[in-house]
């Protein structure tokens, strides 16, 4: 079977694709070479540059209407390594470019390095934050299954230490549990990669996809890789590591972990089934993924309703919201495939911004009140109106109420499920929205009533503004024009419709 030469040939402007990976790596090296006191300055200088490059890459894809390809050192696959960016990966690259610097600006109050005694935690935070950006860029741009594994490992080893920066026993235990799940996921993924290489002699996605056939080795590889990626994404029932890790990490780290890190492995699940395995009959695998996603929505929402701490509630809501991402898989064939794909991606984007805003807001609440106990939030919204506004707007998107990106995402997914006759997924989404409203009410109802409490620490208006800005982005996604959804389809393989 022939391979489209445009899929492996370098395109004009493709050289930009190396920069989102190289710049954060340069930042990490400079932080170690120059010294910890300048790590904050290095990260804050480089991150706007990385965002500008991500926007430039997205604009090139937009103008050309086709993916960009860059071959490292000029050697095309299979001899060389290719970087590729399509509409989906360009949008994710820009999303990472927005959320990471927002979390960095928020974190300056806790991890400042300028003009103070050099400490371990700030140096670790700023270098690992740049490491996460480099790893995510490699995942979003990589075109080779083994190099994507390298990106996954870099992402794991940059994300896990953020959980236990304060060194408390409970945070160390949470980080170790996270590491254990992540390492098992990596082993399963790597075993699948080895099977693919043994069967077809190449790992480049563009070269591999036309060769894949429904044979035992392929199904085994697909199962192993999917299981490994689901463990890293924390899809039910492999979610046990996520709530303690996200709830115990510093607020800025929680925003990055929930908003971005889990999206890296989800991105690879999409790449695996829509690109590499697009020619396989995928109704049964898609239905299994959606069933697990439905269980995550219901189970995670019920557990969120039972939490006594705000950050744990938000963490369990992440478990629930991740489930929505997998409802697109059984809908990704037929005339409604584009709607389902766009709905799944919109859910990833709206969740990233909304959950980052909610974790930052929760961090401000905990710092100002000295706790995050939901039962003791009485009147807190009177003392911190902007913070609770950001929290509420983020929750609005999680519920899927208009106008919000969450509403746009769930509307597209529900429309696709109804048009395809798969009503069950629409019922699950409706139930999940009601449960999300329930756990959001548990927080806002006491916070909006009672006397204003005494704040132990004055919150910075600039930090509240960061959380509110992220929540507003989650809402503004509802007004994305049709051209945005057309942009998401750039590079989506037509073979993805072969899941029937």
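Identify the residue in the range 370-382 that is part of a helix (DSSP H, G or I) and at pLDDT below 90 and, among all such residues, is farthest from residue 314 (Cα to Cα). Among residues in the range 370-382 that are part of a helix (DSSP H, G or I) and at pLDDT below 90, the one farthest from residue 314 (Cα to Cα) is 382. With respect to the stated conditions, residue 112 is touching a helix residue (DSSP H, G or I) at 6+ places or on another chain (Cβ under 8 Å), part of a loop (DSSP other than H, G, I, E, B) and either surrounded by 15 or more Cβ atoms within 10 Å (Cβ to Cβ) or modelled with pLDDT under 90 (or both). When the range 439-476 is filtered for residues that are in contact with a helix residue (DSSP H, G or I) (Cβ under 9 Å, 6 or more places away or on another chain), surrounded by fewer than 16 Cβ atoms within 10 Å (Cβ to Cβ) and over 17 Å from residue 354 (Cβ atoms), the ones remaining, listed by number, are 449, 450, 451, 452, 454, 455, 456, 457, 458, 460, 461, 462.
Among the residues that make up the range 190-204, is at least one of them more than 22 Å from residue 81 (Cβ to Cβ) and either crowded, with 21+ Cβ neighbours inside 10 Å or modelled with pLDDT under 95 (or both)? So far as the range 190-204 goes, no, none of its residues is more than 22 Å from residue 81 (Cβ to Cβ) and either crowded, with 21+ Cβ neighbours inside 10 Å or modelled with pLDDT under 95 (or both). For the range 280-289, the criterion of being surrounded by fewer than 24 Cβ atoms within 10 Å (Cβ to Cβ), assigned to a helix (DSSP H, G or I) and under 18 Å from the mean Cα position of the chain (by Cα) is met by at least one residue. Of all residues in the range 383-403, those satisfying the criterion of being outside any helix (DSSP H, G or I) and on the phi < 0 side of the Ramachandran plot are 384, 401, 402, 403. A residue that is in contact (Cβ under 8 Å) with a residue 40 or more places away in the chain, loosely packed, with under 15 Cβ neighbours inside 10 Å, part of a helix (DSSP H, G or I) and touching a helix residue (DSSP H, G or I) at 6+ places or on another chain (Cβ under 7 Å) occurs nowhere in the range 404-425. All told, residue 18 meets the bar of being within 25 Å of the chain's Cα centre (by Cα), in contact (Cβ under 8 Å) with a residue 24 or more places away in the chain, surrounded by fewer than 18 Cβ atoms within 10 Å (Cβ to Cβ) and under 15 Å from residue 140 (Cβ atoms).
The values are calculated or read from the model by the stated rules, or taken from the named source; none is laboratory data. Keep in mind it's a predicted model, so treat the numbers as computed, not measured. Heads up, the Cβs are rebuilt from the backbone with ideal geometry, glycines too, and the neighbour counts pull from every protein chain shown.
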